[in-house]
Amino acid sequence: LSALMLFEALVLREQPIETTVVNTSTALLGMLPVGLVLLASISMMASVVRLGHKNVVVQEMFSIETLSLADTLCLDKTGTLTQGKMEVQKVKPLNGHSEQEVQDIMISFIRGSLDSNATFLTMADHFKGDAVYACGERVSFSSARKWSALELKGLGTLVLGAPEFIRPDLVFDEEIESARADGARVLLAALAGEFAGFQDRLSEAEPIAAIIISDPLREDAAECIRFFQENEVDIKIISGDNPKTVSALARQAGVRGAQHCVDASLLQSDEEIEEAILNHSVIGRASPQQKHKMILTLQQHGHKVAMTGDGVNDVMALKEADCSIAMAQGSEAAKNIANLVLLDSNFSHLPDIVNEGRRVINNIQRTASLFLVKTSFSVILGFLTLFFIPIYPFEPIQLTLISTVSIGIPSFFLALEPNHERVRGNFLRNVFSKALPGALCVVLSVFYVYALTAIEPLSQEVISTLCVILAGCSSLAVLFRISRPFNMNRRIIFGAMCLMFVLCIIVPPLASWFMLVRLSPLQLLCAGVGIVLIPLVQNGLFYIFERLTFTRPDLP
């Protein structure tokens, strides 16, 4: 466009080089939404500071926006729904073993194991004392196996983990099943004979104790779940724990469909995993690989996915999610890969992050419309200058005046306002549906001014002055529209901008600074007529664009 404007002015119209350069650069400067990127960055930075006061570390600024746009939130159970304060509720000996026998075996196991996960640390707090049995070879816990093992000299190999992965045929009594139904975790300790080949004999291992571990539901978990569900965000609980335990806690938290829980250990194919994650809200016994596939499946079906996690087994899924949130009490790997880290491991901060994202998106969407009014009418006038308008009607300093009162100052305040409304529609469509009517109104105002030359010959200075007045009023009319509904702050900002614009026009030193000239009574009358027509024309254009883009919620 710049090349065309230079060619048209220099070659076809043979204008002086000074005039050509000024007019072309004015048009190009108007096309740049100067300050929009800076304003978006400042708004994001303000959100980072606000969230920092709430113990949320933002490691990727875009994640604030992404979480507010997510339509699916995948949660782990431990440390997210629950308080992460596990404790051994009860140790129940099995098959005639005494409490002292179980105590000696478990103390020896704890002293000899090298595991350091949260469950192991919980048992280490409960089983204290000196080891009775010397330890031999070990098998560390893995989320794929769901158990760990340790050779105890003179006794055999003790296997500790999920009962269904050690003795799938084992049936517990009513007390243990009742605890599991209330959301408690149940571990099985079993002896599997000599260490050599013990994995092949797991189904024959002798149960010696059931260990019931409680982890209370967070007090604010139900409120947070309700917040997301009311905002049309699907909640998916994906955990490595027993499905009954996960389902019980999900029901307590108010997760929809929590009574239908899927056991991921029974899912054999990618098709079964896809069916499970798309049609169920609670999934237990999920392996790290399955969690990863579930996140990918949701994304492949067009969902924007946020995920919380705290363990190494969550890293693959966290890395794949559109927005990943880690708890500070979790592993370093999870925290390093996450976009957001909750320093106090408090799940209730997620709605605060969503609200910050909404504030950023809604306010930038509003202020971007102001920036793109000038950009749009500058582009349109640039093309029209090639064919219809003899000379670009604005000087650079005049665009500065329009930008300052209708964009620069008000956008800064509007972008930092609280705004927790749900994000609706397409960003660019929403922006241009507000910007283009204002831009077209400016273009029509320029044609109106040039039409006045048929009544009275006008100098280029008078034409520029009239165009500045009408373009400024049109831009202020857009500011009025996007500032609604008005509050006290918006009234003050809008009133101050109108006053500043009027003073720059009527005060001679200021008018001279912005290259504005005194108008005759007839010219003032014509300007007044144009100012009166601007709201009417804009309202008509806005109505047309709302019909075309369906941005009004009451339209189909």
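The values are calculated or read from the model by the stated rules, or taken from the named source; none is laboratory data. Model, not experiment: these values are computed from the prediction. Please note: Cβ atoms are built from the backbone with ideal geometry, for glycine as well, and neighbour counts cover all protein chains shown. The area values use the complete protein model at the heavy-atom level, side chains included, leaving out ligands, DNA and RNA. Shrake-Rupley method; radii C 1.70, N 1.55, O 1.52, S 1.80 Å.
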In region 240-262, how many are crowded, with 22+ Cβ neighbours inside 10 Å and either β-branched (Val, Ile, Thr) or under 23 Å from the mean Cα position of the chain (by Cα) (or both)?
-> 5
Taking region 252-295, which residues are at pLDDT 90 or above and of a type in the set (D, E, K, R)?
-> Arg256, Asp263, Asp270, Glu271, Glu272, Glu274, Glu275, Lys291, Lys293
Single condition Glu177 does not satisfy, out of (1) outside any loop (DSSP other than H, G, I, E, B); (2) at pLDDT below 90; (3) closer than 21 Å to Phe120 by Cα; (4) of a type outside the set (S, T, N, Q) | (3)
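Among the listed residues Met500, Met515, which satisfies the condition of being surrounded by 12 or more Cβ atoms within 10 Å (Cβ to Cβ), at positive phi and over 34 Å from the mean Cα position of the chain (by Cα)? Even if it seems obvious, please write down each step before you answer.
Details: Met500 fails: at positive phi.
The unique qualifying residue is Met515.
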Somewhere in region 211-229, is a residue open to solvent by 10 Å² or more (accessible area, probe 1.4 Å), assigned to a helix (DSSP H, G or I) and free of Cβ contacts under 8 Å to residues at least 12 places away in the same chain?
-> no
Hey, any hits in region 131-143 for a residue that's closer than 30 Å to Asn231 by Cβ and touching a residue at least 40 places away in the same chain (Cβ under 8 Å)?
-> no
Over region 60-108, the set of residues without any contact (Cβ under 8 Å) to a residue 60 or more places away in the chain and open to solvent by less than 70 Å² (accessible area, probe 1.4 Å) is Ser98, Gln103, Asp104, Ile107, Ser108
Log entry, pairs with first residue in region 30-51 being more than 14 Å from Asn363 (Cα to Cα), second being part of a helix (DSSP H, G or I) and open to solvent by 40 Å² or more (accessible area, probe 1.4 Å), beta carbons closer than 6 Å, six or more apart or on different chains, reads Met31/Val379
Tell me, please, whether a residue that is touching a residue at least 12 places away in the same chain (Cβ under 8 Å), within 21 Å of Leu522 (Cβ to Cβ), open to solvent by 60 Å² or more (accessible area, probe 1.4 Å) and not hydroxyl-bearing (Ser, Thr, Tyr) can be found in region 436-445.
-> yes
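Give the residue, chosen from Val462, Val478, that is at pLDDT 90 or above and buried (at least 21 other Cβ atoms within 10 Å of the Cβ).
Values: Val462 fails: buried (at least 21 other Cβ atoms within 10 Å of the Cβ).
Answer to the selection: Val478.
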Kindly indicate whether Leu522 is surrounded by 15 or more Cβ atoms within 10 Å (Cβ to Cβ), of a type outside the set (D, E, K, R), at pLDDT below 95 and more than 47 Å from the chain's Cα centre (by Cα).
-> no
Quick one: Phe228 ticks every box in (1) touching a Gly at 6+ places or on another chain (Cβ under 9 Å); (2) of a type in the set (Phe, Trp, Tyr); (3) under 24 Å from Gly311 (Cβ atoms) bar one, so which box is it?
-> (1)
Tell me which of these Ser269 doesn't satisfy, since it passes every other one: (1) open to solvent by less than 50 Å² (accessible area, probe 1.4 Å); (2) touching a residue at least 12 places away in the same chain (Cβ under 8 Å).
-> (2)
Across (1) in a loop (DSSP other than H, G, I, E, B); (2) touching a helix residue (DSSP H, G or I) at 6+ places or on another chain (Cβ under 6 Å); (3) of a type in the set (A, V, I, L, M), Ala439 clears everything bar (1)
Would you check if Ile283 is outside any helix (DSSP H, G or I) and either over 30 Å from Asp344 (Cβ atoms) or open to solvent by less than 10 Å² (accessible area, probe 1.4 Å) (or both)?
-> yes
In the set Leu170, Leu158, Leu188, the lone residue that is open to solvent by less than 10 Å² (accessible area, probe 1.4 Å) and either more than 21 Å from Ala286 (Cβ to Cβ) or in contact (Cβ under 8 Å) with a residue 60 or more places away in the chain (or both) is Leu158
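So if I check each of Thr453, Thr400, which one is without any contact (Cβ under 8 Å) to a residue 40 or more places away in the chain and open to solvent by 50 Å² or more (accessible area, probe 1.4 Å)?
Numbers: Thr400 fails: without any contact (Cβ under 8 Å) to a residue 40 or more places away in the chain.
After applying the criteria, what remains is Thr453.
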Selection over region 109-133 where residues are open to solvent by less than 60 Å² (accessible area, probe 1.4 Å), part of a loop (DSSP other than H, G, I, E, B) and small (Gly, Ala, Ser) yields a count of 3
Do the conditions hold for Gly425, that is, is it of a type in the set (Gly, Ala, Ser) and in a loop (DSSP other than H, G, I, E, B)?
-> yes
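Go through Val532, Val462 for me and flag whichever is assigned to a helix (DSSP H, G or I), over 30 Å from Asn426 (Cα atoms) and without any contact (Cβ under 8 Å) to a residue 40 or more places away in the chain.
Values: Val462 fails: without any contact (Cβ under 8 Å) to a residue 40 or more places away in the chain.
Exactly one residue qualifies, and that residue is Val532.
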Subset of region 387-398 [modelled with pLDDT under 90 and assigned to a helix (DSSP H, G or I)] | Phe387, Pro396
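Quick one: would you say Leu10 is at pLDDT below 85, surrounded by 12 or more Cβ atoms within 10 Å (Cβ to Cβ) and over 15 Å from Gly382 (Cβ atoms)?
Working: at pLDDT below 85: yes; surrounded by 12 or more Cβ atoms within 10 Å (Cβ to Cβ): yes; over 15 Å from Gly382 (Cβ atoms): yes.
Yes.
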On the given criteria, is Ala222 over 24 Å from Arg111 (Cβ atoms) and modelled with pLDDT under 90?
-> yes
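Let's see how each residue does on (1) farther than 22 Å from Ile225 by Cβ; (2) touching a helix residue (DSSP H, G or I) at 6+ places or on another chain (Cβ under 6 Å); (3) crowded, with 24+ Cβ neighbours inside 10 Å:
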| site | (1), (2), (3) |
| --- | --- |
| Lys291 | no, yes, yes |
| Ile295 | no, yes, yes |
| Lys304 | no, yes, no |
| Gly309 | no, yes, yes |
| Leu318 | no, yes, yes |
| Ala326 | no, yes, yes |
| Gly330 | no, no, yes |
| Ala333 | yes, yes, no |
| Asn336 | yes, no, no |
Residues Thr385, Thr367: which one is under 30 Å from Asn339 (Cβ atoms) and either in contact with a strand residue (DSSP E or B) (Cβ under 9 Å, 6 or more places away or on another chain) or open to solvent by less than 20 Å² (accessible area, probe 1.4 Å) (or both)?
-> Thr367
How many residues does region 341-355 contain that are in a helix (DSSP H, G or I) and open to solvent by 20 Å² or more (accessible area, probe 1.4 Å)?
-> 4
